[in-house]
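The values are calculated or read from the model by the stated rules, or taken from the named source; none is laboratory data. Just so we're clear, the structure is a prediction, and the values are computed from it rather than from any experiment. Using ideal geometry, Cβ is built from the backbone for each residue, glycine included, and neighbour counts are taken over all protein chains shown.
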Amino acid sequence: MPHTLYAASYSPWSEKARWALDHAGVAFAEVAYTPLLSEASFRFKRGSLTGAVSIPTLLGADGPISDSLRIAQWADGQGDGSLFPEAQLEEIEEWNYRCEAALAAGRILATRRVAGSEPARREALPAPLQRALYPFFAPMADLGIAFLTRKYGFGEASSETAEQAIRKTLEAGRLVIRDGGGHPVGDRFTFADIALASSLHFVSPHSSLKMGAATRACFTQPALAHEFADLLAWRDACYAAHRQRAR
Ligand SMILES: N[C@@H](CCC(=O)N[C@@H](CS)C(=O)NCC(=O)O)C(=O)O
């Protein structure tokens, strides 16, 4: 059965899954998911009418696989197994956990900025709704932001605390890259590299990721990007060396 990845082009969690699938050479089709708007048809395809759903989700494996880490582990099992060497599994999962904390914090900052940017709210809608139909669908973007704010419970979170959480992960990442010879775990490229590279998404998204200019601006934190310019350079080198694209 062909594999389908429900994903969003601007989402770092989707990119983690996509990267691992490409690395393992798993062929898949990607379906663009827009929060709220896509949920009903996605639930139908996934076969889950109740309960929380999230993207990335891979359909067409043994059953639906949600969560970027689980998708990556499944993909690695189809490939050469190099992303999750048995002996380093715990360390890799620990890095993923730290990087998830940075992403969760980054989403707070980015969503707030998107909420305040009319062009970014427009870009959050599917392409056909961004032009002539926009006046009718503009409220959908506001609803989508309110939905995500409620779903991920960050309405009250302080931006300073979020920034500190990102800094904590990136400072640890910087140290381990410096002292570990260029990889967060062991001396080879593993999923920990993918997790750390993706954790910079809400500091400065990688140039290869498709997103509108206004969205990219909202996802960029100039002060953090300046502070972690060394880690961004490492991330760019990591993409250049290891981001094979199957499609
Ligand atoms: N830990 C999860 C996090 C996934 C996640 O937060 N997904 C969000 C952002 S792309 C999502 O599904 N948003 C759309 C929605 O909740 O409707 C993973 O690694 O896949």
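Here are the numbers for the structure shown:
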quantity: Which listed residue, of 24, 29, is away from the ligand (no atom under 15 Å from the Cβ) and within 20 Å of residue 210 (Cβ to Cβ); calculated: 29
quantity: Residue match in the range 172-194 (condition: hydroxyl-bearing (Ser, Thr, Tyr), in contact (Cβ under 8 Å) with a residue 40 or more places away in the chain and part of a loop (DSSP other than H, G, I, E, B)); calculated: yes
quantity: Inter-residue pairs, beta-carbon under 7 Å, first at negative phi and in contact (Cβ under 8 Å) with a residue 60 or more places away in the chain and in the range 141-159, second within 15 Å of the ligand (Cβ to nearest atom) and outside any helix (DSSP H, G or I), 6+ apart; calculated: 143/36; 144/35; 144/36; 144/124; 147/35; 147/36; 148/35
quantity: Lone unmet requirement of (1) within 15 Å of residue 12 (Cα to Cα); (2) touching a Leu at 6+ places or on another chain (Cβ under 7 Å) for residue 208; calculated: (2)
quantity: Identity of the residue in the range 138-173, closer than 11 Å to residue 35 by Cα and surrounded by 16 or more Cβ atoms within 10 Å (Cβ to Cβ), that ends up farthest from the chain's Cα centre (by Cα); calculated: 140
quantity: Residue 46 vs. criteria within 14 Å of the ligand (Cβ to nearest atom) and touching a Pro at 6+ places or on another chain (Cβ under 7 Å); calculated: yes
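Residues checked against (1) hydrophobic (A, V, I, L, M, F, W, C); (2) more than 16 Å from the ligand (Cβ to nearest atom); (3) assigned by TED's automatic domain parsing to the domain that holds residue 26; (4) surrounded by fewer than 16 Cβ atoms within 10 Å (Cβ to Cβ):
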| site | (1), (2), (3), (4) |
| --- | --- |
| 70 | no, no, yes, yes |
| 74 | yes, no, yes, no |
| 90 | no, yes, no, yes |
| 94 | no, no, no, yes |
| 98 | no, no, no, no |
| 103 | yes, no, no, no |
| 108 | yes, no, no, no |
